[in-house]
Amino acid sequence: PSAALTLLCGSAAAVVVWKWLGKRQIQKKMEEARRTRDEGVKKMAKAVQQFREQQVSSVQKDAILSLPLLELTGRLQEGSLSPKTVLYTYVEKALEVTQQTNCLRHFIPECEEQLQEIQRQREKGLLYGIPVSIKDHIGHKGHLSTCGLVQCLDALVQEDSVLVKVLKRQGAIPFAMTNVPQSLFNYDCSNPIFGQTLNPFNNQKSPGGSSGGEGALIAGGGSILGIGSDIGGSIRLPSSFCGLCGLKPTAERLSVWHTHLLNVDVCSRPTPVPCTLGPMARDVDSLALCMKALLCQDMFQLDPTVPPIPFNEEVYSSSAPLRVGYYDTDGYFPLPPCMRRVVWETKGALQAAGHQLVPFSPPRIHYVMTELFLKTFFADGGRAWLDVFTGDIVDPSLKSQVNSCKIPSLGKKLLALILKPLQFLLLLKLKNVATISTCRSVKEMWNHHHQIEAYRTEFIARWRELRLDVVLCPVLGPAFTTGYPGKLLTAISSTMLYNVLNFPAGVVPVSMVTEADEEELKLYQGWCDDPWDRTLKQAVAGAVGLPVAVQCVALPWREELCLRLMKEVETLSREK
């Protein structure tokens, strides 16, 4: 017995030491990543200081930062501004913004080489001399694509993604990579390696996610154009939270080759709800210019899976009246009063401008959320997602979802049985992934894919029955207090719907939260005044002065029409 006890104690001690050594190794990797980032920041700060000593007054710097993208490109094309001046002006501003918000994951020192390269190009591209920021997981040669995970800190990207290559050929200068939530599966912006990114308008608030670093950097003035990604709202939610314009195109409209998602190439992931890349900026014209620049022969040649459809300027610039469907709630997750208010105000403005507004109701959103969207990502009960956290520290904002996935299958069945009396409430407001049904066979998986296609057909039929050109609808907002997005995973139904449908959708800021909105929020009860409704109320409280946006949607491959509605909404809101 004493020998057995000694062996048991020794084994226990060995396990404790082994776990401690594992955690220490993780800490070392994270410290090294932070040290590399900090050294890059110091290097760029030194380069900015050297440039500042030679030329450019603070007055000229402010003038450059205030220029809209279209005007800035014109000044660069004509030569009245130099790419070098513009680059270092934005690098300096980015340094200032990241000190306040922690939005940068890493500067791209090769931007100085790209600066020299564009001056050797025979023709000036549409984005000649424009500094561009890119989201963490968009591949750039010689840099990491971390997704906020320790397991991704070992391998540098060997080749630029197709999108980065096209940006460079159009004369753009990628200069910074921005922070993301761990595993990208969150609409907050926090990971254990690089920390929490904050909203530049209110440091108690989140910038949204998963393109939250982009949102904070652009909204803070540290970038004029950024590239994010969207698989459930990850471009549109940061745009809503940070008062930006953002476009989620049809998934195949822009190349995702060599863009990394959870340490694997997006193109190798067979999923009926695909990831898409898209632009984020301060105005709609900037999004249109970016799409026009990207939809070029270089894109079509580098990635033959992208349909060779150039940007249709005629559709974007048209002034013909539109037939616009609209709704202020999808009937699944009631949004705060201010988000519904701006839909009605925008509807009135569009109507007064001569457009035809038609009530529209998206079908079966409860079914879409539980049986289509969430089941796509947790078809295996979340096992593949859990694997990415192996040998990692789970960010606090994700712990509830991770713990839910860890519940054994038997435990989930017992939980479902216990919660059966609350079935209606769970249908209204699914709290976590513990109660999501899984695909138990290949046949069920194929049937799931078929169900998504059938729903798309149903949705398009309803759209065509009403002869709609576009749809105006709400988006989640205003900005949540940090930490709350992880508690309300399914509040993203307003954006998630158009990922399932694979429709182009964009967000435009149109107003701000008022004192009256804040007072009305005190009366908000959602559907049932249940814990989820009360959590949403807490998440958005204290938002007076923060941006409020609407969402614009078009049918697949009609990005130009989506942008056309966005431009009309932007123009009318600015006039107001």
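The values are calculated or read from the model by the stated rules, or taken from the named source; none is laboratory data. Everything numeric in this text was worked out from a predicted model, so none of it was measured. So basically every Cβ, Gly included, is an ideal-geometry build from the backbone, and we count neighbours across all protein chains shown. All accessible areas refer to the heavy atoms of the entire protein, side chains included, with ligands and DNA or RNA removed. Shrake-Rupley method; radii C 1.70, N 1.55, O 1.52, S 1.80 Å.
Which of the residues belonging to the range 1-31 are under 40 Å from the mean Cα position of the chain (by Cα) and among the polar types (S, T, N, Q)?
Gln25, Gln27
Would you pick out the residues in the range 52-74 that are assigned to a helix (DSSP H, G or I) and crowded, with 17+ Cβ neighbours inside 10 Å?
Listed by number, the residues that qualify are Lys61, Ile64, Leu69, Leu72, Thr73.
Filter the range 335-351 for residues that are in a loop (DSSP other than H, G, I, E, B) and either open to solvent by 10 Å² or more (accessible area, probe 1.4 Å) or among the charged types (D, E, K, R) (or both) and give the result.
Of the residues in the range 335-351, the ones in a loop (DSSP other than H, G, I, E, B) are 335-336.
Correct list: Leu335 only.
Quick one: is Gly215 open to solvent by less than 10 Å² (accessible area, probe 1.4 Å), in a helix (DSSP H, G or I), of a type outside the set (S, T, N, Q) and closer than 18 Å to Tyr484 by Cβ?
Considered against the rule, which asks whether it is open to solvent by less than 10 Å² (accessible area, probe 1.4 Å), in a helix (DSSP H, G or I), of a type outside the set (S, T, N, Q) and closer than 18 Å to Tyr484 by Cβ, Gly215 comes out as yes.
Between Gly228, Gly209, which is part of a strand (DSSP E or B), in contact with an Asp or Glu (Cβ under 7 Å, 6 or more places away or on another chain), under 17 Å from Met177 (Cβ atoms) and at pLDDT 95 or above? Even if it seems obvious, please write down each step before you answer.
Working: Gly209 fails: part of a strand (DSSP E or B).
Unique residue meeting the criteria: Gly228.
Would you say Glu31 is open to solvent by 60 Å² or more (accessible area, probe 1.4 Å), assigned to a helix (DSSP H, G or I) and closer than 26 Å to Leu198 by Cβ?
Yes: the conditions hold for Glu31.
Any residue in the range 186-206 that is in a loop (DSSP other than H, G, I, E, B) sitting within a Cβ distance under 6 Å of a residue that is open to solvent by 40 Å² or more (accessible area, probe 1.4 Å) and not charged (D, E, K, R)? List the pairs, counting only those 6 or more apart or interchain.
Close Cβ pairs satisfying both conditions: Pro192/Ile393; Ser206/Thr482.
Exactly one condition in (1) at pLDDT 95 or above; (2) surrounded by 18 or more Cβ atoms within 10 Å (Cβ to Cβ) is false for Ile309; which is it?
(2)
Given the conditions (1) farther than 30 Å from Pro321 by Cβ; (2) open to solvent by 40 Å² or more (accessible area, probe 1.4 Å); (3) part of a helix (DSSP H, G or I); (4) not hydroxyl-bearing (Ser, Thr, Tyr), and given that Gln525 satisfies all but one, which numbered condition is not satisfied?
(3)
Of Gln49, Gln99, Gln77, which residue is exposed (fewer than 15 other Cβ atoms within 10 Å of the Cβ), modelled with pLDDT of 95 or more and part of a helix (DSSP H, G or I)?
Working: Gln49 fails: modelled with pLDDT of 95 or more; Gln77 fails: exposed (fewer than 15 other Cβ atoms within 10 Å of the Cβ).
Gln99 is the lone residue from the list that is exposed (fewer than 15 other Cβ atoms within 10 Å of the Cβ), modelled with pLDDT of 95 or more and part of a helix (DSSP H, G or I).
Yes or no: the range 473-489 includes at least one residue that is aromatic (Phe, Trp, Tyr), in contact with a strand residue (DSSP E or B) (Cβ under 9 Å, 6 or more places away or on another chain) and at pLDDT 95 or above.
yes
May I ask you to list pairs of residues, at least six apart or on different chains, whose Cβ atoms are under 9 Å apart, with the first in the range 286-298 being over 10 Å from Leu69 (Cβ atoms) and open to solvent by 10 Å² or more (accessible area, probe 1.4 Å) and the second being in a helix (DSSP H, G or I) and of a type in the set (Ser, Thr, Tyr)?
That search, which allows pairs on different chains as well, returns Lys292/Tyr316.
Which residues, taken from the range 102-135, are out of contact with any Gly (no Cβ under 8 Å at 6 or more places or on another chain) and open to solvent by less than 60 Å² (accessible area, probe 1.4 Å)?
Answer for the range 102-135, where residues must be out of contact with any Gly (no Cβ under 8 Å at 6 or more places or on another chain) and open to solvent by less than 60 Å² (accessible area, probe 1.4 Å): Ile108, Cys111, Glu112, Gln114, Leu115, Pro131.
How many of the residues making up the range 153-185 are part of a helix (DSSP H, G or I), under 22 Å from Val41 (Cβ atoms) and under 14 Å from the mean Cα position of the chain (by Cα)? So that I can check it myself, show each step before the final result.
First pass over the range 153-185, keeping only residues part of a helix (DSSP H, G or I): 162-169, 182-184.
If we keep only those that are under 22 Å from Val41 (Cβ atoms) too, we end up with 164, 182.
Now restrict to residues that are under 14 Å from the mean Cα position of the chain (by Cα): 182.
Going through the range 153-185 one residue at a time, the tally reaches 1.
I'd like the full set of residues that are in contact with a helix residue (DSSP H, G or I) (Cβ under 9 Å, 6 or more places away or on another chain) and either open to solvent by 20 Å² or more (accessible area, probe 1.4 Å) or modelled with pLDDT under 85 (or both), limited to the range 372-382.
Across the range 372-382, the qualifying residues are Leu374, Lys375, Thr376, Phe377, Phe378, Ala379, Gly381, Gly382.
Tell me yes or no: at least one residue of the range 505-518 is in contact with an Asp or Glu (Cβ under 8 Å, 6 or more places away or on another chain), surrounded by fewer than 21 Cβ atoms within 10 Å (Cβ to Cβ) and of a type outside the set (S, T, N, Q).
No, the conditions are met nowhere in the range 505-518.
Among the listed residues Arg564, Arg534, Arg574, identify the single one that is outside any loop (DSSP other than H, G, I, E, B), under 30 Å from Ala288 (Cβ atoms), over 24 Å from the mean Cα position of the chain (by Cα) and not hydrophobic (A, V, I, L, M, F, W, C). Talk me through it step by step, then tell me what you get.
Values: Arg564 fails: over 24 Å from the mean Cα position of the chain (by Cα); Arg534 fails: under 30 Å from Ala288 (Cβ atoms).
The unique qualifying residue is Arg574.
Out of the range 186-216, which residues are more than 22 Å from Ala541 (Cα to Cα), within 13 Å of the chain's Cα centre (by Cα) and not polar (S, T, N, Q)?
Matches in the range 186-216: Gly213, Glu214.
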